[in-house]
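J.: I'd like to ask you about the structure that follows.
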Amino acid sequence: MHALTRPLQREFYSLVINLQALNSAEKAADRLLIEPAICKIRLEYHPPNNSLAEELSVLKDLSHLFERNVKWAGEVKDKNPDFFTELSKQQAPEYLWIGCSDSRVPANQIVALPPGEIFVHRNIANVAVHSDLNCLSVIQYAVDALKVKHIVVCGHYGCGGIKAAMGNEENGLIDNWLGHIKDVSRFHAEELSQLEGDEKFNRLCELNVLEQAANVCNSTVVQSAWKRGADLSVHAWIYSIENGLLKDLSLSISSPQDLEKLNS
Ligand SMILES: [Zn+2]
């Protein structure tokens with residue numbers, strides 16, 4: 001056991017925590033499709049020295065998440081024994097979701113779709129700008145390789161990123177990112193100047209989604225896809241964290257002509 005490298009030991013110890021959560025080697029073997037004898041050996045394994053145990057204290061503190069993971073994987077397998085085997089062969093999602101990182105807005109759960117159905121990119125305030133190589137790379141992979149048919153830009157009311165962009169407080173590095181929201185605010189200054197309080201806040205959340213969706217439409221990836229006749233639509237949605245419901249902001253662009261109509 002001492003011959004194992006540190007990363008291997010770490011992996012091994014994490015497996016032990018996982019298996020201990022299952023209470024029996026037989027049950028673990030059944031869940032993980034491995035030999036009961038191997039499970040027993042692993043269940044009996046303890047880290048060889050204190051320093052490793054200390055090093056892994058963070059992992060131990062998060063053991064409840066591994067327990068939940070084992071339980072979840074088991075439940076999914078109980079419903080569909082081939083689920084993970086099938087999913088491991090390929091992913092073929094029809095949707096790309098560009099949403100906010102906010103923990104209350106999880107893409108798959110909101111639209112009740114299982115793993116494998118949505119390709120997801122999330123960042124603070126669901127921004128999709130032409131200089132963000134991360135977001136653009138996700139769009140390119142989703143469109144060119146996965147051939148998604150829909151790109152949904154989904155914002156949400158009560159977005160902390162939008163709220164911060166509306167104020168003048170200094171927040172450090174993130175203020176550079178929030179500059180993109182301030183741009184949206186500036187583009188729509190006239191409309192926003194007519195509003196106050198929550199109404200203004202909510203409207204900026206909506207306008208930001210519409211602007212980011214327009215950015216996606218204008219990206220070289222989406223423009224090229226449309227030029228070659230790809231079946232691809234861009235949508236703008238907003239989610240309410242107060243009632244769990246989505247609202248379509250009535251923007252659905254499927255061609256450069258649609259985009260021209262929107263801009264005219
Ligand atoms: Zn947000």
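J.: Can you pull out every residue in the range 122-141 that is crowded, with 23+ Cβ neighbours inside 10 Å and farther than 22 Å from N202 by Cα?
T.: Hit for the range 122-141 is I139, nothing else.
J.: From the residues in the range 110-133 that are over 11 Å from the mean Cα position of the chain (by Cα) and not in a loop (DSSP other than H, G, I, E, B), which one is nearest to the ligand (Cβ to nearest atom)?
T.: Within the range 110-133, the match that is nearest to the ligand (Cβ to nearest atom) is I110.
Conditions tested, residue by residue: (1) of a type in the set (S, T, Y); (2) within 28 Å of L96 (Cβ to Cβ); (3) in contact with a Pro (Cβ under 6 Å, 6 or more places away or on another chain); (4) away from the ligand (no atom under 15 Å from the Cβ).
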{"site": "K149", "(1), (2), (3), (4)": "no, yes, no, yes"}
{"site": "C154", "(1), (2), (3), (4)": "no, yes, no, no"}
{"site": "K163", "(1), (2), (3), (4)": "no, yes, no, no"}
{"site": "N171", "(1), (2), (3), (4)": "no, no, no, no"}
{"site": "I181", "(1), (2), (3), (4)": "no, yes, no, no"}
{"site": "L192", "(1), (2), (3), (4)": "no, no, no, yes"}
{"site": "E196", "(1), (2), (3), (4)": "no, no, no, yes"}
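J.: Output the helices (runs of 4 or more DSSP H) that fall wholly within the range 144-202 and possess 1 or more residues being more than 30 Å from V221 (Cα to Cα) and at pLDDT 95 or above, or say none. Reasoning before the result, please.
T.: Values: elements: 160-166, 174-187, 189-193.
It comes to 160-166, 189-193.
J.: Consider V209 carefully, then state whether it is touching a residue at least 60 places away in the same chain (Cβ under 8 Å), part of a helix (DSSP H, G or I) and out of contact with any Lys or Arg (no Cβ under 6 Å at 6 or more places or on another chain).
T.: Here the answer is yes, as V209 does meet what is asked.
Rundown of residues vs (1) of a type in the set (S, T, Y); (2) assigned by TED's automatic domain parsing to the domain that holds L96; (3) surrounded by fewer than 20 Cβ atoms within 10 Å (Cβ to Cβ), yes/no style:
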residue: C205; (1), (2), (3): no, yes, no
residue: A214; (1), (2), (3): no, yes, yes
residue: S224; (1), (2), (3): yes, yes, yes
residue: K227; (1), (2), (3): no, yes, yes
residue: S233; (1), (2), (3): yes, yes, yes
residue: W237; (1), (2), (3): no, yes, no
residue: D248; (1), (2), (3): no, yes, yes
residue: S252; (1), (2), (3): yes, yes, yes
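The values are calculated or read from the model by the stated rules, or taken from the named source; none is laboratory data. A quick note: this is a predicted structure, and the numbers were derived from the prediction, not measured. No Cβ is skipped: glycine too gets one built from the backbone with ideal geometry, and neighbour counts run over all protein chains shown.
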